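This report refers to the structure that appears directly beneath it.
All of the numbers you see were taken from the coordinates with simple rules; none came from a lab. The model shown is predicted, which means the values in this text are computed figures rather than measured ones. Note: ideal-geometry Cβ built from the backbone for every residue, glycine included; neighbour counts use all protein chains shown.
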Amino acid sequence: MGLFGFYFPSLLQTPTQGDQMQRLVMLQGRRGARQVRETAGLAKRVAELEKDAGFLALLLGAVLERLDRKGVVTKDDLRTEMAALDSLDGVEDGRLDIRILRGKATEKRSQPKAYVR
């Protein structure tokens, strides 16, 4: 131990402002690297969701076209039903809050509708 340490031991035991600043910079660097990894992961997930949404749109379109051609459900029937569902969430905007759709999927009916062909 030098004379400085002998006369000022408390200054050697506590980090200096420079040490604290260096530690903060290092921690911020780690945080920044983590954010870069998380952002890359989110971008990949968004791309996957967009691909899934495109596939589902294609699949739904094919099913609806087939049902219309077979006369099971017409496009006019679909438009009418879509308009009725669109207003369920209180906003007529051509969309439906997914929570409303989930609720409709789990609600119980007293009697099932008869299948009419």
Toward the positive end of the charge dipole of the stretch 61-103, about the Cα centre and with charges on Cβ (Lys, Arg +1; Asp, Glu -1), which of Thr74, Ile100, Leu85 goes farthest? Thr74
Here the gain from full extension of Arg66 to Glu81, 0.36 nm per residue of separation minus their alpha-carbon distance, amounts to 3.6 nm
With r defined as the distance between the Cβ atoms of Arg99 and Lys44 and R0 fixed at 30 Å, what FRET efficiency is calculated, to the nearest 0.05? 0.70
